[in-house]
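K.L.:
Quick one: the structure is below, and I'll ask about it shortly.
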Ligand SMILES: *Cc1c(COP(=O)(O)O)cnc(C)c1O
């Protein structure tokens, strides 16, 4: 006898990257957080919050953030649905659109949460393998006929970007919903937001966790036509965005200049780390995100040992013990000092 539904007993649950206890001194390059602090304008809003703003329930649609997103991105407020992180949007989409017989499709390897949410819902999934060069397997994704197709672009853990023309072909040929998860768009050369205007089955997801240095705030949003959002609104928690996140997030997204300046630093460090690791014998996938995927298969040391030895030295990177990733490390780009410590530590281990 179990207290749980059979599919809950059968599943393993999402395993987040390690979060060391507060106060632990580590170089944390394992969960793609931004190494720079949030916008000073956002922190000022946080410091000026009044008790009255917390006494009341928040606006159920996080109206102030919606308006700020409209001003920052040029999309109408009614095309924006805000969530407790973009993970919350993923949950709404899976709840509203899928069930047994209405499958979820995604190219793999990718963000593991897509599979976890499908398991909770009891929805079958079709994972279409990415080829080794990580170009999107469009025809196979179309042929899989998902009720929902998830594409992360830039993808995690590969860091690779899908061209908008490829995503457009997918949107055109799918009967179901196409979710373009742009969690890392702030570090990429291009994005696919214009597709939501032309295709009523497309939703683009964004987050303040990566580019805006606000992973702890929990704020993300989806952009799609209001008819698509209407179905998602029915299944969301009534007050899914708290008053603090709404106001601090609104100030953060208004400060694009600050976000872009940090993204520029991270992108130039991404180039530097890529060449340093290439010199050390790794193959580094071309990244458009704030992390890189480094293939260690040509090295004298295995990726898993490298991961463990780095951890020993107080440097956390991400190791995925799964097919196609077991010989690779996913490394978040940190500050120049953190990146140098990583490069030096790896060089010493390989020496
Ligand atoms: C980090 C990440 C998210 C989740 O972001 P939150 O807004 O913090 O929930 C979504 N998708 C991908 C691919 C991510 O890497």
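Values quoted throughout were computed directly from the atomic coordinates according to the rules given, and no laboratory measurement underlies them. No experiment lies behind these values; they were computed from the predicted model shown. Note: ideal-geometry Cβ built from the backbone for every residue, glycine included; neighbour counts use all protein chains shown.
K.L.:
Can you confirm whether residue 230 is more than 16 Å from the ligand (Cβ to nearest atom) and either without any contact (Cβ under 8 Å) to a residue 40 or more places away in the chain or within 22 Å of residue 94 (Cβ to Cβ) (or both)?
P.N.:
Considered against the rule, which asks whether it is more than 16 Å from the ligand (Cβ to nearest atom) and either without any contact (Cβ under 8 Å) to a residue 40 or more places away in the chain or within 22 Å of residue 94 (Cβ to Cβ) (or both), residue 230 comes out as yes.
K.L.:
Could I ask something else about it? Residues of the range 201-222 being closer than 24 Å to residue 169 by Cβ and buried (at least 24 other Cβ atoms within 10 Å of the Cβ), which ones?
P.N.:
Initially, the range 201-222 is screened for residues closer than 24 Å to residue 169 by Cβ, giving 201-206, 222.
The answer is 202, 203, 204, 205, 206, 222.
K.L.:
Output yes when any residue across the range 238-250 is within 16 Å of residue 148 (Cα to Cα) and touching a residue at least 24 places away in the same chain (Cβ under 8 Å), and no when none is. Give the steps one after another, and end with the answer.
P.N.:
At the first step, the residues of the range 238-250 found to be within 16 Å of residue 148 (Cα to Cα) are none.
Within the range 238-250, none of the residues are within 16 Å of residue 148 (Cα to Cα) and touching a residue at least 24 places away in the same chain (Cβ under 8 Å).
K.L.:
Among the helices (runs of 4 or more DSSP H) lying completely within the range 1-67, list those that include at least 2 residues that are within 26 Å of the chain's Cα centre (by Cα).
P.N.:
On the way: elements: 6-10, 40-47, 51-55.
Because the criterion is at least 2 residues that are within 26 Å of the chain's Cα centre (by Cα), the helices (runs of 4 or more DSSP H) in the range 1-67 that meet it are 6-10, 40-47.
K.L.:
Right, another one. Inside the range 213-223, can you point out the residues that are more than 7 Å from the ligand (Cβ to nearest atom) and under 13 Å from residue 182 (Cα atoms)?
P.N.:
221, 222, 223, listed by residue number.
K.L.:
Name the residue that is surrounded by the fewest Cβ atoms within 10 Å (Cβ to Cβ), counting only residues in the range 74-85 that are more than 16 Å from the ligand (Cβ to nearest atom) and touching a residue at least 60 places away in the same chain (Cβ under 8 Å). Show your work before the answer.
P.N.:
The first filter runs over the range 74-85 and keeps only residues more than 16 Å from the ligand (Cβ to nearest atom), leaving 74-79.
Right, trim to touching a residue at least 60 places away in the same chain (Cβ under 8 Å) and you get 75, 78-79.
Values: 75: 19, 78: 13, 79: 22.
Residue satisfying both the conditions and the ranking: 78.
K.L.:
Continuing with the same structure: Helices (runs of 4 or more DSSP H) wholly in the range 233-351 with at least 2 residues that are under 26 Å from residue 160 (Cβ atoms) - which ones? Steps first, answer last, please.
P.N.:
On the way: elements: 243-254, 256-279, 303-312, 336-350.
Helices (runs of 4 or more DSSP H) meeting the threshold: 256-279, 303-312, 336-350.
K.L.:
For residue 106, are the conditions met, namely being touching a residue at least 40 places away in the same chain (Cβ under 8 Å) and either within 16 Å of the ligand (Cβ to nearest atom) or in contact with a strand residue (DSSP E or B) (Cβ under 6 Å, 6 or more places away or on another chain) (or both)?
P.N.:
Details: touching a residue at least 40 places away in the same chain (Cβ under 8 Å): yes; either within 16 Å of the ligand (Cβ to nearest atom) or in contact with a strand residue (DSSP E or B) (Cβ under 6 Å, 6 or more places away or on another chain) (or both): yes.
When the stated conditions are applied, residue 106 passes them.
K.L.:
Hey, another quick one. For residues that are in a loop (DSSP other than H, G, I, E, B) and free of Cβ contacts under 8 Å to residues at least 40 places away in the same chain, scanning just the range 181-212, find the one that is farthest from the ligand (Cβ to nearest atom). Please lay out each step first, then the result.
P.N.:
Step one: of the range 181-212, the residues in a loop (DSSP other than H, G, I, E, B) are 182-184, 188-194, 199-201, 208-212.
Among the residues that remain, those that are also free of Cβ contacts under 8 Å to residues at least 40 places away in the same chain are: 182, 190-192, 194, 199-201.
Details: 182: 8, 190: 17, 191: 14, 192: 14, 194: 20, 199: 20, 200: 23, 201: 19 Å.
Per the stated criteria, the residue is 200.
K.L.:
Residue 88 versus (1) out of contact with any helix residue (DSSP H, G or I) (no Cβ under 9 Å at 6 or more places or on another chain); (2) surrounded by fewer than 19 Cβ atoms within 10 Å (Cβ to Cβ); (3) not in a loop (DSSP other than H, G, I, E, B): which is the lone unmet condition?
P.N.:
Going through (1) out of contact with any helix residue (DSSP H, G or I) (no Cβ under 9 Å at 6 or more places or on another chain); (2) surrounded by fewer than 19 Cβ atoms within 10 Å (Cβ to Cβ); (3) not in a loop (DSSP other than H, G, I, E, B) one by one, residue 88 breaks only (2).
K.L.:
Of the residues 237, 327, which single one is touching a helix residue (DSSP H, G or I) at 6+ places or on another chain (Cβ under 6 Å) and surrounded by fewer than 18 Cβ atoms within 10 Å (Cβ to Cβ)?
P.N.:
Among 237, 327, only 327 is touching a helix residue (DSSP H, G or I) at 6+ places or on another chain (Cβ under 6 Å) and surrounded by fewer than 18 Cβ atoms within 10 Å (Cβ to Cβ).
K.L.:
Tell me which residues, restricted to the range 223-232, are crowded, with 17+ Cβ neighbours inside 10 Å and part of a helix (DSSP H, G or I).
P.N.:
Result: 228, 229, 232.
K.L.:
Take the residues of the range 24-58 that are in contact (Cβ under 8 Å) with a residue 24 or more places away in the chain and exposed (fewer than 13 other Cβ atoms within 10 Å of the Cβ): which is nearest to residue 207 (Cα to Cα)?
P.N.:
37
K.L.:
Can you go through 143, 147 and tell me which one is more than 16 Å from the ligand (Cβ to nearest atom) and either surrounded by fewer than 18 Cβ atoms within 10 Å (Cβ to Cβ) or under 14 Å from the mean Cα position of the chain (by Cα) (or both)? Steps first, please.
P.N.:
Details: 147 fails: either surrounded by fewer than 18 Cβ atoms within 10 Å (Cβ to Cβ) or under 14 Å from the mean Cα position of the chain (by Cα) (or both).
Just a single option satisfies the conditions, and that option is 143.
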